[in-house]
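The values are calculated or read from the model by the stated rules, or taken from the named source; none is laboratory data. Bear in mind the structure is a predicted one, so any value in this text is a computation, not a measurement. Here Cβ is always computed from backbone atoms with ideal geometry, including for glycine, and neighbour counts include all displayed protein chains.
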């Protein structure tokens, strides 16, 4: 892709080595992530789960260096992002899309222009190329007919699908999803998860998703990492029969998940 750093390699697509991140909170130090190492294979859908404040969102943001680690290294397909200059990091980030809980759409732009926005910002593409790519992305998320509609006229699920289309515009190898369904009702959640699953299967995009809902993990993910107090305490594979977590926190989360999110008010 024009203007991007090639992220090609034979190892894990995402590799974090002993990353840590702390913040100053009320005059004291808060250790959000503590010496976490993990690997996510190409084509995987990897879920991060844990209670509020466990460090899930901070860890996700460390993958594309929206938060820079205090210690440790971050590699995306062999490229050490933590060693790049600011200019090269901006280029590398074009291969890492991000989806947020609150959509983060530009309210003064219609759907088409929201999806086109990253392509215009990065440059290097002509008008016809941008129009073709936006049409492709809207087709992937099933919103072709909403191209000239503004965000205020969309439902929550439609807004999130626009955000997914925008994240796909630069043809990323990775999608980072920070609680993408927590603001949605159960039926809309299922439709958004179906879109993410289709993107993974059809396009081979690797997905890392933060959630507090084990039901989301069971419906979407291949592997899961459990975070507690900033530490990765357990990792497991998710099969058709569910996930067998062994840690005390993991077992607690599984017990809580027996109450389906469809029933939560």
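Side notes on the structure shown:
- Residues being in a loop (DSSP other than H, G, I, E, B) and at negative phi - total across region 181-239: 11
- Filtered residues of region 81-95 (kept if in contact with a helix residue (DSSP H, G or I) (Cβ under 7 Å, 6 or more places away or on another chain) and under 24 Å from residue 195 (Cβ atoms)): 94
- Region 81-91, residues that are closer than 19 Å to residue 59 by Cβ and either touching a strand residue (DSSP E or B) at 6+ places or on another chain (Cβ under 6 Å) or at pLDDT below 90 (or both): 81, 82
- Selection count, region 103-156, where residues are free of Cβ contacts under 8 Å to residues at least 24 places away in the same chain and either in contact with a strand residue (DSSP E or B) (Cβ under 8 Å, 6 or more places away or on another chain) or assigned to a helix (DSSP H, G or I) (or both): 15
- Residue that is surrounded by the most Cβ atoms within 10 Å (Cβ to Cβ), among those in region 47-68 that are in contact with a helix residue (DSSP H, G or I) (Cβ under 6 Å, 6 or more places away or on another chain) and under 18 Å from residue 174 (Cβ atoms): 47
- Of residues in region 118-128 being within 10 Å of residue 170 (Cα to Cα) and modelled with pLDDT of 90 or more, the one surrounded by the fewest Cβ atoms within 10 Å (Cβ to Cβ): 118
- Some residue of region 170-181 being over 28 Å from residue 15 (Cα atoms) and either touching a residue at least 40 places away in the same chain (Cβ under 8 Å) or surrounded by fewer than 21 Cβ atoms within 10 Å (Cβ to Cβ) (or both): no
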